Amino acid sequence: MANTTFSNRKFMDYAINHVNADHHKEMVMIVQEFTDLTGASDVTVMDYDAEGMELIVVQEEKEEQKMRVDFPSPLQGPHDFRTVLVEMVKTARTKSTKKDNLKI
């Protein structure tokens, strides 16, 4: 983790649990767009700080890999986690749509 950690651990744990429980598809999209991995089938957020998030990614071959995904811009506080994830998903969806349109 980066040196810029947040002290509101209770909120962070809540946010991490929520993302892991309810946003599986979106996290897979983020990994596929913001890393070199294309075969991610499962993603678990382990932690985050101002600069990025620590993940465990399962590839289609069932190999687990720990990785870090940096945020496009640093978070000002732990509550910015949602905002940055929404922006990252929007970016991933836009790029995915453009790729699909090129296939036609």
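The values are calculated or read from the model by the stated rules, or taken from the named source; none is laboratory data. Computed from a prediction, not measured in an experiment: that's the story for all the values here. Here the Cβ is made from the backbone with ideal geometry for all residues, glycine too, and neighbour counts use every protein chain on show. Just so you know, the surface numbers come from the protein's heavy atoms only, side chains and all, with ligands and any DNA or RNA stripped out. Shrake-Rupley method; radii C 1.70, N 1.55, O 1.52, S 1.80 Å.
Things to note:
- Hey, Asn3 modelled with pLDDT of 95 or more and either assigned to a helix (DSSP H, G or I) or open to solvent by 90 Å² or more (accessible area, probe 1.4 Å) (or both) or not: no
- Counting the residues of segment 13-42 that are open to solvent by less than 30 Å² (accessible area, probe 1.4 Å), in contact with a strand residue (DSSP E or B) (Cβ under 6 Å, 6 or more places away or on another chain) and outside any loop (DSSP other than H, G, I, E, B) gives 6.
- Taking the listed residues Thr38, Thr91, Thr83, the one that is polar (S, T, N, Q) and closer than 16 Å to Ile16 by Cβ is Thr83, with no other qualifying.
- For segment 28-58, a tally of residues being hydrophobic (A, V, I, L, M, F, W, C) and closer than 16 Å to Asp80 by Cα returns 3.
- Scanning segment 36-45 for residues that are over 10 Å from the mean Cα position of the chain (by Cα) and either modelled with pLDDT of 95 or more or hydroxyl-bearing (Ser, Thr, Tyr) (or both) turns up Thr38, Ser41.
- Check on Lys10, at negative phi, surrounded by fewer than 12 Cβ atoms within 10 Å (Cβ to Cβ) and under 13 Å from the mean Cα position of the chain (by Cα): no
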